[in-house]
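Worksheet: one structure, shown below.
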Amino acid sequence: MPDNIEDLEHIQSVNLASGDALLVIDMQNDFMPGGALPVPDGDIIVDGVNRVMEIFHGLGLPVILSQDWHPSDHLSFASMHEGKRPFDTFEAPGIGPVLWPDHCVMGTPGADFHKDLKSYLAHLIIRKGYHREVDSYSCFMENDMKTETGLDGYLRSRGIERIFTCGLAMDYCVYFTAMDGRKKGFEVYYIYDLTKPVASPEGSVSTALEKMTKSGVSFIKAVAIKP
Ligand code: VGL
Ligand code: ZN
């Protein structure tokens, strides 16, 4: 696996067609610099994400946003576990491999989309992580690996076969969404210049790249997506 994401083998060009959808993951204030769980440079992809959303929207193709949406006592928060600090490793059913700072608490400004994100272009906003005991990195399935978010049914009833995904974070929610998309039989294009990693614990980025490659996710740059 290349150390540099730029060196990934990637698709040179894709023409969009009916049956394609865009999934923009967790472009929320708490994942931006200055937020509760900041992803370094998370804000610099906003303009590029808007451009891709406009392309899909212009073609009448579904644009779907996800929103991490936790109760204030969510068990993925280090604050809920005595003696634990954010980013400490932790494994429990549906929680882990690390604990997080309190973030994306439902109804708070941290859970809102970045102010410049053109969220009005979305056909659907799917929330996830609202069950206290279970986290949900993937926008398809909660981390118990059995509770559906409903996204699969939505995509199927709209005749979607290929999904393009981007957003935050590269090594968590975008990664797990791409993996579940493959498991559910969609073609998956991972827009790798429109995502940024949390990069914790160490190795999370290379693991994500390796697993996505093995499961048949295609990597693409935003400029290669043609209307
Ligand atoms: C995410 C950690 C915790 C993400 C959400 O959006 O990647 N990461 N909650
Ligand atoms: Zn979360």
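The numbers here are math on the coordinates, done by the rules we state, and not lab data. Note that this is a predicted model, so its numbers are computed, not measured. Reconstructed Cβ throughout: ideal geometry from the backbone, glycine too, with neighbour counts over all protein chains shown.
The alpha-carbon atoms of the stretch 82-131, seen along their principal axes, cover 41, 20, 16 angstrom, with the largest extent given first.
The mean sequence distance of close C-alpha pairs (under 8 Å, at least 6 residues apart), as a share of the length of the chain, puts its relative contact order at 27 percent. For residue 105, the residues whose amide H sits under 5 Å from its own are 70, 111, ignoring neighbours fewer than 5 places away on the same chain, with H placed 1.01 Å from N. Normalised by 2.2 N^0.38 Å, where N counts its residues, the alpha-carbon radius of gyration of the stretch 44-88 equals 1.90. With K and R counted +1 and D and E -1, the other residues having a Cβ less than 15 Å from that of residue 93 yield a net charge of -3. Of the two radii for the stretch 119-227, the radius of gyration is 0.95 times the Kirkwood radius, both from the alpha carbons; that is the Rg over Rh value.
D by Stokes-Einstein for the stretch 10-111, Kirkwood Rh over Cα pairs, 37 °C, 0.692 mPa s: 208 µm²/s. Considering the stretch 176-219 at the alpha-carbon level, its Rg and Dmax are found to be 10.5, 30 Å.
The phi torsions of the stretch 76-82, fed into the Karplus equation with coefficients 6.51, -1.76 and 1.60 and a -60° offset, translate into couplings of 7, 8, 4, 4, 8, 10, 4 Hz, rounded to whole numbers, with Gly and Pro shown as x. Return the Rg/Rh ratio of the stretch 64-150 with Cα-based radii and a Kirkwood Rh. Rg divided by Rh gives 0.99.
The stretch 97-134 and the stretch 184-213 have Cα centres lying 19 Å from one another. Between amide H atoms placed 1.01 Å from N, distances below 5 Å from residue 193 occur with 222, all of them 5 or more places distant or on a separate chain. Label point of residue 161 set 7 angstrom out along Cα-Cβ; within the stretch 113-131, no amide nitrogen lies under 15 Å from it.
Close amide H contacts of residue 126 (hydrogens built in the peptide plane, cut-off under 5 Å, sequence separation of 5 or more or a different chain): 65, 66, 67. Angle of helix 204-214 to the longest C-alpha principal axis of the chain, folded into 0 to 90 degrees and rounded to 10: 40°.
For the residue pairs 115/196; 84/146; 128/183; 128/214; 84/221, alpha carbon separations beyond 30 Å are given by 84/221.
Considered as an equivalent ellipsoid built on the Cα gyration tensor, the chain has semi-axes of 26, 19, 17 Å, the largest given first. Relative to the current alpha-carbon distance between residue 89 and residue 226, full extension at 0.36 nm per residue lengthens the span by 45.2 nm.
Roughly what angle does helix 173-183 make with the longest principal axis of the chain, taking Cα atoms, 0 to 90 degrees, to the nearest 10? Here the helix axis deviates by roughly 60 degrees. About its Cα centre, the chain has a charge dipole of approximately 720 debye under the convention of +1 per Lys or Arg Cβ and -1 per Asp or Glu Cβ, with nothing else charged. Helix 46-58 axis versus longest C-alpha principal axis of the chain: approximately 50°, rounded to the nearest ten.
How much net charge surrounds residue 28 when only the other residues with a Cβ under 12 Å from the Cβ of residue 28 are counted, with Lys and Arg +1 and Asp and Glu -1? Residues near residue 28 contribute -2 overall.
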